[in-house]
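Report on the following structure.
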Amino acid sequence: TTQPSAATIEVARTLTDPVDVAVFYPADSAVRPLLQDYFQALRAGAGDTDKLRVQVADADLRPDLAAEFQSRGNGWIVLRKAEVMRPVRIGDTLEQARTMLRILDRTVFSHLVELAQPPAFVYLTTGHGERTESMGPPGPGGGFTRFRNTLRDHNYTVRDLGIAQGLGERVPDDAS
């Protein structure tokens, strides 16, 4: 059975902002209790902190929760901090999940460390003819929306910066 390591528990204990975890499996899944036990042990080791909130649900019975976590269905766990999502495919059956269960703690640890970092801000200038989401993709495989989403996926908070946001006066204090 998979158990959280001391390092993963320590990261969970020191979270400053809430991280939500959603585990999507049907009630009769053989994988679901293993994941429930893992995350229960992680919460208990972290002191049952309100900074680590865990929900277990069947994506087919809770499509609202699956949509909120942008889950692709059952067989997934999703870690979320604010708008940043970290989906992890575990597998629907025990046979499919066996490999991921072996590295579950390492995977959760790396995502928690990443999510525990304070948010960094990226300002994108607007109002001077810069490419924007409304302009559409510049070519095959490109696109401004993809660029913004990639930044968000890497734990950046993306903000527009133009004359209306004070660009004509100064650069924001939290921009380097």
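The values are calculated or read from the model by the stated rules, or taken from the named source; none is laboratory data. Note that the structure is predicted; figures quoted are calculated from it, not measured. Neighbour counts are summed over all protein chains in view; Cβ atoms, including those assigned to glycine, are modelled from backbone coordinates with ideal geometry. SASA here: full protein model, heavy atoms, side chains in, ligands and nucleic acids out. Shrake-Rupley method; radii C 1.70, N 1.55, O 1.52, S 1.80 Å.
Points worth noting:
- Hey, residue 111 closer than 24 Å to residue 147 by Cβ and either hydroxyl-bearing (Ser, Thr, Tyr) or modelled with pLDDT of 85 or more (or both) or not: yes
- One residue stands out among those in region 133-154 that are touching a helix residue (DSSP H, G or I) at 6+ places or on another chain (Cβ under 6 Å) and at pLDDT below 75: the one that is farthest from residue 116 (Cα to Cα), which is 133.
- Within region 74-83, the set of residues being surrounded by fewer than 19 Cβ atoms within 10 Å (Cβ to Cβ) and either of a type in the set (A, V, I, L, M, F, W, C) or not in a loop (DSSP other than H, G, I, E, B) (or both) comprises 82 only.
- Within region 49-73, being of a type in the set (A, V, I, L, M) and assigned to a helix (DSSP H, G or I) holds for 65, 66, 67.
- Check on residue 61, at pLDDT 95 or above, open to solvent by 40 Å² or more (accessible area, probe 1.4 Å), touching a Ser or Thr at 6+ places or on another chain (Cβ under 8 Å) and over 30 Å from residue 158 (Cβ atoms): no
- The set of residues in region 38-48 being in contact with a helix residue (DSSP H, G or I) (Cβ under 7 Å, 6 or more places away or on another chain), at negative phi and either open to solvent by 70 Å² or more (accessible area, probe 1.4 Å) or in a loop (DSSP other than H, G, I, E, B) (or both) consists of 46 alone.
- Test: residue in region 96-112 that is buried (at least 18 other Cβ atoms within 10 Å of the Cβ) and under 30 Å from residue 173 (Cα atoms): yes
- Among the residues of region 10-37, the ones that are open to solvent by 10 Å² or more (accessible area, probe 1.4 Å), modelled with pLDDT of 95 or more and either closer than 16 Å to residue 113 by Cα or among the β-branched types (Val, Ile, Thr) (or both) come to 1 in all.
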